[in-house]
Amino acid sequence: MAAIEVEEITKLWGATRAVDGISFAVEEGSFVVLLGPSGCGKSTTLRILAGLEEPSSGRVRIDGRDMTRAAPAERRLSMVFQSYALFPHLDVRENILFGLKVRKVDRGERERRLARVAELVGLSDLLDRKPAQLSGGQRQRVALARAIISEHPICLMDEPLSNLDAKLRQEMRIELRALQRRLAMTVVYVTHDQAEAMSMADRIILMRAGRIEQEGGPDELYERPATLFAASFVGTPPMNLLTLEDGPEGAVIAGTPAVVGNGPGRGRVLGIRPEHVRILAEGGIPAELLATDYLGADTVISARIGSQHLGIRVAGRFRAASGTPIRIGWSPEHLHLFDARSGRRLSGSVGLPGTDPAPARIAATTSKGGRP
Ligand code: ADP
Ligand code: MG
């Protein structure tokens, strides 16, 4: 059974549709991420699940029971916010135990849970400190401990790592995920950070302007983005999106003679991930290198084809001066194709519709040019 079912939730703030008729289910024990840009309705959705906000319409079911109008306490959920909301005058122990005291859990039980949870999140030696004497990561763990100690099976988290520096954030991602698995918690986690979503989620619900743009596993979103928005939101650098047009022999990259297939090009956008673009010795499509960004394990090359920008990711170090002419290609199985107007993915995503699956010219030059 799904732990949480959301049915056609809408939330209006005056004329603003913060959430616009969304539905989804969260399976018990799973880690589900609500992902999307700032203002797309993630926090509002989470607050509706928590009971901190009432939806304008729609229903929320928790463990099969209608909880749409239930008070937060009745829902048996815990929440972790971006601002950890620790009490500055209370030490770590008191901060963690606060909720249990309010709920009048007896002393023996409180101490048993505290010992276990403190051990779990690595705070056993810091129980007497005040929040001001803790690092950002340690404060974050106190907030987590407070959620875990409640032993509520469902935990809602709103950008809980965004105040931490990059290195700590990455460590906490791994810790949090391990903890969620060990405790078999059901987690709904809000973030605008696609890398965080990709690395943590069992399922990602990608939101845009109050609606669900795409829902699926991280690999699904990465490998088969349903829309241009999903294609450009997930992955860094983002997927290259090249506008096509009709040329004399078939689809060409708009503004250039570069043929990419013998089907129609107008109204279509070709997508190719930076790591799937190859630099060829000969053949392929001519492009101009603009800049290189060496990152250690790989280099991200910025290039242009006609007036359209293209990112290329190659392993190791790639050195070339700005303005160097290069030739590029790709294998047809890595192509994505979108309808320019609706933004939706076109089926038969490899190759162009109405043609062989392989855009003939590029497939040929790629195999001749060889794989680097
Ligand atoms: P996110 O968490 O994805 O950044 P929010 O859910 O916080 O987005 O906000 C979604 C939309 O609802 C935004 O346009 C925001 O300005 C608006 N909004 C959120 N809370 C309120 C509120 N209490 N009153 C009025 N508008 C709000
Ligand atoms: Mg938010």
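Note on Val102 and Arg69: with the Förster distance fixed at 25 Å, the Cβ-Cβ geometry gives a FRET efficiency of about 0.65. In this structure, Glu333 and Ala2 have a Cβ-Cβ separation that, at R0 = 35 Å, corresponds to a calculated FRET efficiency of about 0.50.
Please list Leu90, Leu34 from largest to smallest accessible area, probe radius 1.4 Å, with all protein chains kept in place.
So, going from the largest accessible area down, we get Leu90, Leu34.
When peptides 265-278, 157-170 are ranked by their average number of other Cβ atoms within 10 Å per residue, the highest-first order is 265-278, 157-170. Across all directions, the average flat footprint of the convex hull enclosing the Cα atoms of the range 272-335 is 4.1 nm².
Please check which bits of the range 126-161 a label hung off His89 would reach, taking the label as a point 7 Å along Cα-to-C-beta and the cut-off as backbone N under 15 Å. Within reach of a label on His89: 130-132. Near the amide H of Gly261, within less than 5 Å, lie the amide hydrogens of Ala251, all on another chain or at least 5 residues away, with H placed in the peptide plane.
Legend: Rg and Dmax of the chain, from Cα coordinates, 25.0, 81 Å.
How much area per residue is accessible in the chain when the probe is 1.4 Å and only protein heavy atoms are counted (Å²)? Working shown, then result.
On the way: 17170 Å² over 372 residues.
With all protein chains present, the chain gives 46 Å² per residue.
Between Glu249 and Glu27, the simple label model (points 7 Å from Cα in the Cβ direction) yields a spacing of 4.8 nm. Our helix-only sum for the chain, with -39,500 (n - 2.57) per DSSP H run of n ≥ 4 divided by its residues, gives a mean residue ellipticity at 222 nm of -7500 deg cm²/dmol. Taking all Cα pairs closer than 8 Å and separated by 6 or more residues, the relative contact order of the range 1-102 comes to 27 percent. In this structure, the amide hydrogen of Met67, modeled 1.01 Å from its nitrogen in the peptide plane, lies closer than 5 angstrom to those of Val60, Arg61, Ile62, counting only residues at least 5 positions away or on a different chain. Normalised by 2.2 N^0.38 Å, where N is the number of residues, the C-alpha radius of gyration of the range 237-366 stands at 1.01.
The values are calculated or read from the model by the stated rules, or taken from the named source; none is laboratory data. In this text, all values refer to a predicted model and were calculated from it rather than measured experimentally. As a convention, Cβ positions derive from the backbone with ideal geometry for all residues, glycine included, and neighbour counts pool all protein chains shown. Keep in mind that these areas ignore ligands, DNA and RNA; they rest on the heavy atoms of the full protein, side chains included. Shrake-Rupley method; radii C 1.70, N 1.55, O 1.52, S 1.80 Å.
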